[in-house]
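**Q** One structure is given below, represented as structure tokens, and several questions about it will come after.
The values are calculated or read from the model by the stated rules, or taken from the named source; none is laboratory data. This structure is a prediction, so every number in the text was calculated from the model and none was measured. All Cβ positions, glycine included, derive from the backbone under ideal geometry; neighbour counts span all protein chains shown. Ligands, DNA and RNA are excluded from the accessible area calculation, which covers all protein heavy atoms including side chains. Shrake-Rupley method; radii C 1.70, N 1.55, O 1.52, S 1.80 Å.
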Amino acid sequence: MIDPYVKLLLDAMKHSGCAVNKDRHFACEDCNGNVSGGFDAAVSQIVLCQNNIRNQAHMNRVVTHELIHAFDHCRAHVNWFTNVRHLACSEVRAANLSGDCSLLNEIFRLHFGLKQHHQTCVRDRAIRSILAVRNISKEAAQKAVDEVFESCFNDHEPFGRIPHNKTYARYAHRDFQNRDRYYSNI
């Protein structure tokens, strides 16, 4: 059974005119360091780091995270290579919507907190992701994230809400499928 996060993102990509072909748009490779995956905007391809993905749940999160970048690339015409704010926005969205900062993942990382914990996690993971792909200072990455955080954190497309677990992702997918039907009745 296909992961509900992935299912929604694949449908949203197709709906946006950017249908995904698994043979063309996904590659499995060995990667350096502890990177689990990436989105190569130059060729519109998601790279999965087969040597760093631990299990199916981890792979689902990586695919979801990278599909959010692919969705942003499709709908927002992100300037990945010259505009660090565009990159920061997509990283905030990916950390927020992919499950990277789920309570369970944070417990496994031994990160605990109550007040604004999800936002803190999203901010920290976005900064880490920027630093993994750009040769800039931590301060520059933090500044870029701070500048875009509020608007990008609140952009939940195509989910419509933060999908905190697979049940929420299934609800979001159902809502996405019914979106056109709803608007045609107005």
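**Q** Once you order the gyration tensor axes a ≥ b ≥ c over the Cα atoms, which shape class does region 1-85 get: rounded for a/c under 1.5, otherwise prolate or oblate by comparing a/b with b/c?
**A** Oblate, because a/c is 1.5 or more while a/b does not exceed b/c.
**Q** How much accessible area per residue does the chain have, in Å², with a 1.4 Å probe?
**A** Per-residue accessible area for the chain comes out at 58 Å².
**Q** Kindly write out, for region 55-66 in residue order, the coupling ³J(HN,Hα) from the Karplus curve 6.51 cos²θ - 1.76 cosθ + 1.60 (θ = phi - 60°), rounded to whole Hz, with x marking Gly and Pro.
**A** Once θ is set to phi - 60°, the couplings for region 55-66 become 6, 4, 4, 5, 4, 4, 5, 5, 4, 4, 4, 6 Hz.
**Q** Restricting to lysines 8 or more places apart or on different chains, can you count the pairs in the chain with Cα atoms under 27 Å from each other?
**A** So the count of such lysine pairs works out to 8.
**Q** How much of the accessible area of region 12-107, in percent, comes from carbon and sulfur atoms when a 1.4 Å probe is used?
**A** With neighbouring chains kept in place, the figure for region 12-107 is 52 percent.
**Q** Using 1/(1 + (r/R0)^6) with R0 = 22 angstrom and r between the beta carbons of Gln50 and Arg24, what's the FRET efficiency to the nearest 0.05?
**A** Plugging the Cβ-Cβ distance into 1/(1 + (r/R0)^6) gives 0.75.
**Q** For Lys166, what charge total do you get from the other residues with a beta carbon under 11 Å from its beta carbon, if Lys and Arg give +1 and Asp and Glu give -1?
**A** Computed value for this residue: +1.
**Q** Express in whole angstrom the spacing between the alpha-carbon centres of region 122-136 and region 21-41.
**A** With region 122-136 and region 21-41 each reduced to a Cα centre, they are spaced 18 Å.
**Q** Lone cysteines in the chain, defined as no other cysteine's Cβ under 4.7 Å from theirs: which are they?
**A** By the Cβ distance rule, which asks for a partner under 4.7 Å, the isolated cysteines are Cys28.
**Q** Along the Cα-to-Cβ line of Asn32, 7 Å from the Cα, sits a label point; which residues in region 51-90 have backbone N less than 20 Å from it?
**A** 51-53, 81
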